[in-house]
1. Can you name every residue in the range 29-48 that is over 23 Å from Ser93 (Cα atoms) and at pLDDT below 95?
2. Would you point out which residue out of Asn70, Asn60, Asn109 is closer than 16 Å to Gly151 by Cβ, out of contact with any strand residue (DSSP E or B) (no Cβ under 6 Å at 6 or more places or on another chain) and at pLDDT 95 or above?
3. Just to be sure, is Ile155 open to solvent by less than 40 Å² (accessible area, probe 1.4 Å), within 18 Å of Thr74 (Cα to Cα) and at pLDDT 90 or above?
4. Looking at Gly26, is it modelled with pLDDT under 95, assigned to a loop (DSSP other than H, G, I, E, B) and closer than 18 Å to Val75 by Cα?
5. Take the residues in the range 128-152 that are outside any loop (DSSP other than H, G, I, E, B) and surrounded by 21 or more Cβ atoms within 10 Å (Cβ to Cβ), then tell me which one is modelled with the highest pLDDT.
6. Any idea which of Thr88, Thr111, Thr94, Thr74 is open to solvent by 50 Å² or more (accessible area, probe 1.4 Å), assigned to a strand (DSSP E or B) and in contact with a helix residue (DSSP H, G or I) (Cβ under 9 Å, 6 or more places away or on another chain)?
7. Conditions: (1) within 12 Å of the chain's Cα centre (by Cα); (2) open to solvent by 60 Å² or more (accessible area, probe 1.4 Å); (3) at pLDDT 90 or above. Trp164 meets all but one. Number of the miss?
8. Tell me which residues, restricted to the range 42-61, are among the hydrophobic types (A, V, I, L, M, F, W, C), open to solvent by less than 60 Å² (accessible area, probe 1.4 Å) and without any contact (Cβ under 8 Å) to a residue 60 or more places away in the chain.
Amino acid sequence: LHGGGFKAWTFDPVAINGGLLMPTVGVQYLTGLWTPVDIDVTKIHYSVQTAGASLTAGQNHVSLYGADRNRIATVNQDTAFASTGFKTAAIGSTVTIPAGRFWIAFLSNGTTKPVLNRSVGQGLAVLNGLHGANAARFGSSGSAQTTPPAGPISIAALTTTSYWGAVS
């Protein structure tokens, strides 16, 4: 376990340094996590700095994607994205994440998207290292999406948007 009882996180939450608006509606923003062993999880955690407004009902989600880039779980966040603070999205059942890379994906649609907490952007070379697009630690996927796709998704655009997230 990491600090705070999390089974995996993107980075230590003490490194959170502000927030960043989710730039484009209908685009999933992915933040990578790593686990050295298989883990069973029931919750996804993240933090909203500034609430979204006039969000489109049924089109705001937090999801988990495995190393194969297929969706493992998704939870609607219409209400959670419209308020600030630490968020816990209950998956509804236990899912097993195999050892290796996996992602938390954020998707929002509406007039004013939420501002999620993140670390300071360090540039692609630092944040994503030597990973190519489909293995990037931080990236984006798709366009004009209203629900998270089942996958496999393509992580086509590398990004310096390093949102914080964790699982337990």
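The values are calculated or read from the model by the stated rules, or taken from the named source; none is laboratory data. Everything numeric here is computed off the predicted structure, so don't read it as measured data. Neighbour counts run over all protein chains shown; Cβ positions are idealised from the backbone, glycine included. Heads up: the accessible areas ignore ligands, DNA and RNA and are worked out on the full protein's heavy atoms, side chains in. Shrake-Rupley method; radii C 1.70, N 1.55, O 1.52, S 1.80 Å.
1. Selection gives Tyr29 alone.
2. Just a single option satisfies the conditions, and that option is Asn70.
3. no
4. yes
5. Ser141
6. Only one candidate qualifies: Thr88.
7. (2)
8. The answer is Ala53, Leu55.
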